[in-house]
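These notes are about the structure you will find just below.
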Ligand code: HEM
């Protein structure tokens with residue numbers, strides 16, 4: 001419940017649960033037909049993934065905290081480490097989101113706020129610049145573009 005002393009959350013301002021359900025539904029329609037993104041999703045049924053993204057976005061924007069109750073801390077970078085998120089995957093993800101955001105017909109300021117966040121989040125999720133390797137990587141860390149190299153031995157001569 002809200003009263004005049006309680007500012008509306010962004011979640012409420014853009015229409016609450018129904019808006020987020022619509023956003024993610026339209027987004028996943030795009031994913032379902034995407035030859036690069038679709039194979040990345042481990043489950044045959046996209047429904048559970050759709051539900052997780054909806055709950056996450058609702059929580060992020062001030063709605064119910066069901067996501068964390070069910071999934072714990074989001075740790076999104078870590079949760080995406082197993083997937084080959086290169087710039088192509090990012091751009092495809094964003095293209096489907098753009099269609100979904102457009103379909104909401106939000107007021108311009110709300111739309112800009114939502115879109116700005118989605119863009120920044122998608123750019124932050126990129127974990128490799130290797131062009132190949134679609135789908136869950138055999139070794140998530142090995143697929144990342146920042147290989148962890150062993151530190152030099154303590155007695156290594158720095159002048160050498
Ligand atoms: C940049 C391109 C991205 C790709 C290719 C991608 C791909 C994936 C894949 C394959 C999954 C696993 C599906 C599942 O089991 O839930 C997933 C999960 C998820 N993604 Fe993304 N994602 C991207 C960006 C984002 C962004 C920007 C967000 C948030 C704004 C996000 C939020 C989530 C969430 C909340 C989950 C479920 C995490 C969990 O609780 O297990 N993703 N993503």
### Summary
Flagged in the stretch 124-148 as loosely packed, with under 12 Cβ neighbours inside 10 Å and either over 14 Å from residue 36 (Cβ atoms) or at pLDDT 95 or above (or both), in numbering order, are 129, 138, 139, 142, 145, 146, 147, 148
### Task
Just one of (1) surrounded by 15 or more Cβ atoms within 10 Å (Cβ to Cβ); (2) at pLDDT 95 or above trips up residue 17, so point out which.
(1)
### Task
Show the residue pairs that are 6+ apart or on different chains and have beta-carbon atoms under 7 Å apart, the first residue being within the stretch 37-49 and within 17 Å of residue 26 (Cβ to Cβ), the second being within 6 Å of the ligand (Cβ to nearest atom) and in a helix (DSSP H, G or I).
37/89; 37/93; 41/49
### Query
Which residue, of 47, 72, 62, is surrounded by 13 or more Cβ atoms within 10 Å (Cβ to Cβ) and more than 7 Å from the ligand (Cβ to nearest atom)?
62
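The values are calculated or read from the model by the stated rules, or taken from the named source; none is laboratory data. Keep in mind the model is a prediction, meaning the values are calculated, not measured. Note that each Cβ is placed from the backbone with ideal geometry, even for glycine, and that neighbours are counted across all protein chains shown.
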